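Structure first, commentary second.
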Amino acid sequence: MEVYLDNSATTRCFDEAAALMTRVMCEDYGNPSSLHRKGVEAEKYIRYAKDVIARNLKVNEKEIFFTSGGTESDNLALIGCAHANCRSGRHLITTQIEHPAILQTMKHLEEEGFRVTYLPVDEKGCIRPEDLQRAITGETILVSIMHTNNEVGSLQPIAEAGALIKGMNPRILFHVDGVQGYGKYRIYPKRMKIDLLSVSGHKIHGPKGIGFLYVDEKVKIKPVVFGGGQQNGLRSGTESVPAIAGMAKAIEMIYGNLDGEVEKLYGLKRAFVDGVRKIEGTVINGHPDETGAPHIVSVSFKGVRSEVILHALEDKGIYVSAGSACSAHKPQPSATLRAMGIPSELLGSTIRFSFSVFTTMEEIDYTLQMLHDIIPMLRRYTRQ
C-alpha cells in the first residue's frame, strides 16, 4: 500500500489540470505575445486564468501577476516593495516562523541596509497582535506574515493584523504568504487589508513551477526580473501558458467544493490525532483541533530521530516529512519549533503529516497501525 502524507511539500496534480496542460502544450502552444491566431489562442488561457483568480479573491484581474511559484512571489513582493518604498523608511517586519523564501529574502534586505524585526510566537505558533503593534514605527514600510505555517499548521490572525497595520499607518504595505492557506480557506485581500498575496500552484493540485502574486493596484513595487516587459513590466518573461491554465483548473476544482473537502480533511485530522495520541511519548505541536489548519499535523516522538522514523515509514510505503521540504535536503533544526519553545530533545524527533483531497481514512488507519508498531520498536532499538 502506498500512502502519500507529504502534501505540504507538494500535491498530486489533478488529472483534469494535467490533461488541460497537455492540450495547451501540444495544440494551443502559441506565444501569448504573438499577434497571430496561435498567440491569441494562448493569450485566452491567461485571460481566463486571471478571471478565475480575480473572482476567487474578489479583486481586479490587472492585480494578478504570474510567477514561477511561491518563492518568486515572496521575493518579488519583499524586494520589489522594499526598493520602491525605501524613501519612506527602511524598516520591515516579519515573524520568526516564516518560510525560508521570506526569511532568506529578509536577510538579503538586511545586507542592503534595511532593518528587520522578527516577531516571536506563542507555544502554538501564533503571533501576538500586541507584539506587532509595538514593532511598528514611523520607519516601517512593509509587514510580511504567513497565513498558515507550513510545518505545524498554525493560523495567523491575518484580518486582525491587517486592520491593526492600516489603523496605525495606511501607507504600510501588508504582504501575506498564502502558499499553505490558499485552497484551504477563502482569502479576500480587500476585506482583510492585504496588499500583496503569494500563492503556489503545486500546493493546490496544480503543476509545479507556477504561482501568482496579487498586488493591489495602489502598491508601489519595482520588478526584480527584467526583459521583454510582459505583465506590465513587473514580471518579464514569456508566460508559462500550460502551467497557468493547469493552475487555474486546479483553483476551480479546489474551490468548487471547498467546504466539503475541508470538512473531510478535518475528519481525517481528528482521526489521526486521536490515534497517534495513544502512542506513548508523543507530543502534538501547534493546534491539534479545528483552530489549526485542516491538512497539517506535527508530531514529536520522544526518543526517536526524525530521519529514522521517516525511513521506517517509507519502508512501509508511507511518505511523510521531517520538516519543511523547502529548506534543504539535509534536515536542519526547525526554526519554527524553536520559536515555539519546543524542548530541544524533541526538535530532532518531529514528523509532519500532511493530507490532501486524495487522502482516505483507510490510509490514515494504515499509517496509525504502522506507527503503533514502529515507534515502540525503534525506541527499544535506540535504547540498546
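Check residue 261 against each of (1) outside any helix (DSSP H, G or I); (2) open to solvent by 10 Å² or more (accessible area, probe 1.4 Å); (3) not polar (S, T, N, Q) and name the one condition it does not meet.
Here residue 261 meets the rest and fails (1).
So in the stretch 46-75, with the set limited to residues that are open to solvent by 40 Å² or more (accessible area, probe 1.4 Å) and in contact (Cβ under 8 Å) with a residue 40 or more places away in the chain, which one is farthest from residue 221 (Cα to Cα)?
48
If the requirement is being among the charged types (D, E, K, R), surrounded by fewer than 23 Cβ atoms within 10 Å (Cβ to Cβ) and in contact (Cβ under 8 Å) with a residue 40 or more places away in the chain, which of these qualifies: 171, 115, 128, 134?
Of 171, 115, 128, 134, the one residue that is among the charged types (D, E, K, R), surrounded by fewer than 23 Cβ atoms within 10 Å (Cβ to Cβ) and in contact (Cβ under 8 Å) with a residue 40 or more places away in the chain is 171.
Taking the criterion of being within 30 Å of residue 23 (Cα to Cα) and hydroxyl-bearing (Ser, Thr, Tyr), would at least one residue in the stretch 261-277 satisfy it?
No, the stretch 261-277 has no match at all.
What is the one condition in (1) open to solvent by less than 10 Å² (accessible area, probe 1.4 Å); (2) in contact with a helix residue (DSSP H, G or I) (Cβ under 8 Å, 6 or more places away or on another chain); (3) in contact (Cβ under 8 Å) with a residue 40 or more places away in the chain; (4) under 26 Å from residue 217 (Cβ atoms) that residue 105 does not satisfy?
(3)
Mind checking which helices (runs of 4 or more DSSP H) fall wholly inside the stretch 115-194 and carry at least 1 residues that are of a type in the set (Asp, Glu) and over 20 Å from residue 214 (Cβ atoms)?
Here the list reads 129-135.
Of all residues in the stretch 29-55, which are among the β-branched types (Val, Ile, Thr) and in contact with an Asp or Glu (Cβ under 9 Å, 6 or more places away or on another chain)?
46, 52, 53 - these are the residues of the stretch 29-55 that are among the β-branched types (Val, Ile, Thr) and in contact with an Asp or Glu (Cβ under 9 Å, 6 or more places away or on another chain).
Scan the stretch 223-232 for residues that are surrounded by 13 or more Cβ atoms within 10 Å (Cβ to Cβ) and more than 23 Å from the chain's Cα centre (by Cα) and report the count.
3
The values are calculated or read from the model by the stated rules, or taken from the named source; none is laboratory data. Being a predicted model, the structure only gives us computed values, none of them experimental. Neighbour counts run over all protein chains shown; Cβ positions are idealised from the backbone, glycine included. For accessibility, only protein heavy atoms count, side chains too; no ligands or nucleic acids. Shrake-Rupley method; radii C 1.70, N 1.55, O 1.52, S 1.80 Å.
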